[in-house]
Amino acid sequence: MAATQNSRNDMTEECPECTQETAHSVSLQIRTESTKSENAQFSREPYRVTTCLVCGHERALRMNNA
(Lines give C-alpha, C1' and ligand atoms only; values in the text may rest on other atoms or scores of the structure.)
Protein backbone atom coordinates (compact mmCIF):
# COMPACT_ATOMS: atom_id res chain seq x y z
CA MET A 1 0.00 0.00 0.00
CA ALA A 2 1.91 3.02 -1.25
CA ALA A 3 1.29 6.36 0.39
CA THR A 4 2.81 9.83 0.20
CA GLN A 5 2.94 12.49 2.88
CA ASN A 6 0.77 15.55 2.31
CA SER A 7 1.63 18.99 3.73
CA ARG A 8 -1.20 18.86 6.32
CA ASN A 9 0.02 15.60 7.96
CA ASP A 10 -2.54 13.71 5.90
CA MET A 11 -1.67 10.84 3.58
CA THR A 12 -2.62 10.53 -0.09
CA GLU A 13 -3.98 7.05 -0.83
CA GLU A 14 -6.33 5.31 -3.24
CA CYS A 15 -9.94 5.51 -2.04
CA PRO A 16 -12.23 2.66 -3.17
CA GLU A 17 -15.31 4.91 -2.90
CA CYS A 18 -13.90 7.94 -4.74
CA THR A 19 -11.93 5.66 -7.14
CA GLN A 20 -8.97 8.05 -7.11
CA GLU A 21 -6.10 9.19 -4.91
CA THR A 22 -7.39 11.46 -2.16
CA ALA A 23 -6.16 12.87 1.15
CA HIS A 24 -6.67 10.49 4.07
CA SER A 25 -6.38 10.85 7.82
CA VAL A 26 -4.29 7.92 9.10
CA SER A 27 -4.11 6.64 12.68
CA LEU A 28 -3.23 3.55 14.69
CA GLN A 29 -5.88 2.21 17.06
CA ILE A 30 -5.99 -0.63 19.56
CA ARG A 31 -9.33 -2.42 19.04
CA THR A 32 -10.97 -5.12 21.15
CA GLU A 33 -12.08 -8.06 19.06
CA SER A 34 -13.88 -10.19 21.67
CA THR A 35 -17.52 -9.56 22.45
CA LYS A 36 -17.20 -11.38 25.80
CA SER A 37 -16.26 -9.02 28.62
CA GLU A 38 -14.21 -11.65 30.49
CA ASN A 39 -11.90 -12.10 27.43
CA ALA A 40 -11.79 -8.50 26.22
CA GLN A 41 -8.47 -7.69 27.88
CA PHE A 42 -6.77 -10.48 25.92
CA SER A 43 -8.24 -9.70 22.51
CA ARG A 44 -6.84 -6.25 21.76
CA GLU A 45 -5.15 -5.87 18.38
CA PRO A 46 -3.48 -2.94 16.58
CA TYR A 47 -5.24 -1.57 13.47
CA ARG A 48 -4.18 1.00 10.86
CA VAL A 49 -7.26 3.14 10.27
CA THR A 50 -7.57 5.41 7.25
CA THR A 51 -10.41 7.86 6.63
CA CYS A 52 -10.90 9.57 3.28
CA LEU A 53 -11.13 13.32 3.80
CA VAL A 54 -13.26 13.70 0.65
CA CYS A 55 -16.04 11.12 1.16
CA GLY A 56 -15.49 9.90 4.75
CA HIS A 57 -14.96 6.22 3.81
CA GLU A 58 -13.07 4.41 6.60
CA ARG A 59 -10.87 1.32 6.27
CA ALA A 60 -9.25 -0.62 9.10
CA LEU A 61 -6.37 -3.05 8.52
CA ARG A 62 -5.26 -5.39 11.30
CA MET A 63 -1.52 -4.86 11.66
CA ASN A 64 -0.31 -8.19 13.01
CA ASN A 65 -1.78 -10.62 10.47
CA ALA A 66 0.93 -13.02 9.38
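Taking label points 7 Å from Cα along the Cα-to-Cβ direction, residue 49 and residue 19 give a separation of 2.9 nm.
Residue 27 exposes around 50 Å² of accessible area when a 1.4 Å probe is run over every protein chain in place.
The values are calculated or read from the model by the stated rules, or taken from the named source; none is laboratory data. Here the structure is a predicted model, which is why all the values come from computation and not from measurement. In this analysis, Cβ positions are derived from the backbone assuming ideal geometry, glycine residues included, and neighbour counts consider all displayed protein chains. All accessible areas refer to the heavy atoms of the entire protein, side chains included, with ligands and DNA or RNA removed. Shrake-Rupley method; radii C 1.70, N 1.55, O 1.52, S 1.80 Å.
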